[in-house]
Amino acid sequence: MGLLHMFSFLGTSTASKQIAVSVVCQDPEKVPARPPQVAPHQRVLLLRGPKQPYVEVSDHPTPSLDGNREFLVRNLVIGLNPIDWKAPDFNFGIPELPYISGRELVGEVAISPKRRSRFRPGDKVIVISTDYRDLRKAAYQQYVVATDFNAARLPPSLAPEAGSALGVAFVAAALCLGICAGLDFSSIANGPNLLSIVRQIDPARLAPDVRDECLHGIDEESRAKKGDWLAIWGGSSTSAFMLNQIARLAGLRTISVVDVRKHAVKLSTNDITRPDIVVDNHDPQRAIDIVRSATAKRLRFGVDTVGRDTAGHLLECLQQHYANESDPEPTTPSTPSSAHLIGLTGLPKSSPPANLTFHNVPFKLFHEIPELGETLMLWLERLLSTGLLVPPKILGVEEGFGAVNQALDRMRRGEVSGGRLVVRLP
Ligand SMILES: NC(=O)c1ccc[n+]([C@@H]2O[C@H](COP(=O)([O-])OP(=O)(O)OC[C@H]3O[C@@H](n4cnc5c(N)ncnc54)[C@H](OP(=O)(O)O)[C@@H]3O)[C@@H](O)[C@H]2O)c1
């Protein structure tokens, strides 16, 4: 654990802050001096316990930097994510209390990284904070620590509000398709071949809980490729919005299960972001039948963005590819016909049937393997600056930390649909 990691661990009591300051001062080489405009204390939103609202605090220590790849960002706009309310409500993903939440933002570089980098003071950057155990990187604070491999320059063509709401969904979609489905992105703005990258690094660097997914989740012959079908259940989610665009850019055909009454018009009016086929979710059995027939029993890849039950529906869509009467013998998992169900938020309880693999998205690769995070961020910069990737719709812009709890309540009630809420900071 780095010095400054300890710093955030110490909490907000006066005694803790004094200890923290004295620890920091013992190693001035490691911690760059804070420019005068960055105050030693800042406003943050703290979570003091599960099922509690976030509380605004004005005298929390400003986080300090560790290592030569970190830099300090003045937060301008926070993008709100479902995890921001689900974690406190269901008491998961909270490694310590009080806790600071918030997984993405756009800010302005206040202190650039020590080592040579493309980030300069004053630059606007998209910061994606998947490293939820390190509170210095959380978005619900005025100053946020970013690493140069988990941040992207905001192109001038993109408003900070739009930039603040696309990062988590982009990383989820890229890892989902690039690792779990093995899709190679090199045909899209010279994107990365993520599976090759992870399979070339020392396996000891991969966390034990994601190693198997990275090394054995899909074999070479089964990797998704141009012409394959991808079904997305929960096609109106922000993650689905990104999944659909990237998959189609790579030449996959997409079929998206959504509440058609709510989302069909919005989804079909933009040629770049629309799925190839949209199916209504109202009657799941009917939706399964439609997915099966529309993909002519050749569906091999399904991503669920909703939960265990809908992942089960998707499993039924996928099972048909070898239940075809002309192919009575289930093939072995190593044949190209193996199918893959990827769950962003849950998978069926049962074990997968033969020839079908369940996948969890190895999200932590993004912050634990710098070369992978960096290649994704450079690709994101290219995708955004060339206009190849369209950011999700911004459904509301709130003002100040004081607006966060109410905005999250709207998300809890299911009122935020087909886009994101963001919160601007003064
Ligand atoms: N594990 C990871 O690494 C990771 C990363 C990113 C996201 N996630 C998780 O993935 C999920 C999606 O995240 P997100 O940010 O993309 O979500 P989001 O933008 O908040 O959207 C959620 C969508 O799910 C739709 N939905 C709900 N019930 C549905 C059903 N029965 N059938 C079809 N659609 C349904 C909703 O549509 P309506 O508006 O029509 O209700 C809503 O648009 C969340 O649970 C999130 O926590 C996980």
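A short reminder: the numbers here are calculations on the coordinates, not readings from a lab. Given the structure is predicted, the values throughout are model-derived calculations rather than measurements. For neighbour counting, all protein chains shown are included, and Cβ atoms are generated from backbone atoms with ideal geometry for every residue, glycine included.
Observations on the structure shown:
- For the chain, built as a Gaussian network whose Cα springs stay under 10 Å, the top-fluctuating residue of 177, 344, 158: 158
- Net dipole in debye of region 169-365 [+1 Lys, Arg Cβ; -1 Asp, Glu Cβ; about Cα centre; nearest 20]: 500
- Total formal charge among the other residues, if their Cβ is under 10 angstrom from that of residue 378, Lys/Arg +1 and Asp/Glu -1: +1
- Note on the chain: with charges restricted to the Cβ of Lys and Arg (+1) and Asp and Glu (-1), its dipole about the Cα centre is near 840 debye.
- The string of couplings for region 105-113 from the Karplus curve (6.51, -1.76, 1.60, θ = phi - 60°) is 6, 10, x, 10, 5, 9, 10, 7, x Hz, one whole number per residue in order, with x for Gly and Pro.
- Taking the chain as a Gaussian network of alpha-carbon nodes connected by springs under 10 Å, the highest mean-square fluctuation of the residues 239, 350, 222 belongs to 350.
- Dimensions of region 169-365 from C-alpha coordinates, computed as largest minus smallest value along each principal axis and given longest first, are 48, 40, 28 Å.
- Two-decimal Rg to Rh for region 116-230 - Kirkwood Rh, Cα set: 1.00
- Using a cutoff of 8 angstrom between alpha carbon atoms and counting only pairs six or more residues apart, the relative contact order for region 169-365 works out to 22 percent.
- Region 223-255 and region 161-179: distance between their alpha carbon centers, rounded to Å: 13
- Helix-only arithmetic for the chain: the sum of -39500 (n - 2.57) across DSSP H runs with n ≥ 4, divided by the residue total, places the mean residue ellipticity at 222 nm at -8500 deg cm²/dmol.
- Ranking 231, 154, 196 by Cα position along the charge dipole of the chain, where only Lys, Arg, Asp and Glu carry charges on their C-beta atoms, puts 154 farthest toward the positive end.
- Going from the residue with the fewest nearby Cβ atoms within 10 Å to the one with the most, 349, 226, 297 rank 349, 226, 297.
- Listed by chain and number, the aspartates and glutamates whose alpha-carbon sits under 13 Å from that of residue 51, ignoring those within fewer than 8 places in the same chain, are 84, 89, 409.
- Rel. contact order, % - alpha carbon contacts under 8 angstrom, at least six apart, the chain: 16
- Unit charges at the beta carbon, dipole of the chain: most positive-side option, 373, 107, 392: 107
- Among the GluC sites (Glu not before Pro) in region 49-107, those placed in a DSSP loop whose Cβ has at most 15 other Cβ atoms within 10 Å are 96.
- For the listed residue pairs 137/262; 137/226; 86/114; 124/393; 225/266; 86/266, the alpha carbons are over 29 angstrom apart in 137/262; 137/226; 86/114.
- Gap separating the Cα centres of region 71-102 and region 410-425, nearest whole Å: 15
- Ranking 278, 180, 402 by Cα position along the charge dipole of the chain, where only Lys, Arg, Asp and Glu carry charges on their C-beta atoms, puts 402 farthest toward the positive end.
- Column: log10 I(q)/I(0), Debye, Cα scatterers of the chain, q = 0.12, 0.13, 0.14 Å⁻¹: -0.97, -1.13, -1.28
- Over region 359-426, the alpha carbon radius of gyration divided by the compact-protein estimate 2.2 N^0.38 Å works out to 1.45.
- Of all beta bridges that DSSP places with both ends in the chain, some 55 percent have antiparallel geometry.
- Proximal charge balance of residue 182 [Cβ under 9 Å; K/R count +1, D/E count -1]: -1
- In terms of packing, defined here as the mean over residues of other Cβ atoms within 10 angstrom, the peptides 378-389, 356-367 line up highest first as 356-367, 378-389.
- Top of 256, 196, 112 by mean-square fluctuation, Gaussian network on the chain, Cα under 10 Å: 196
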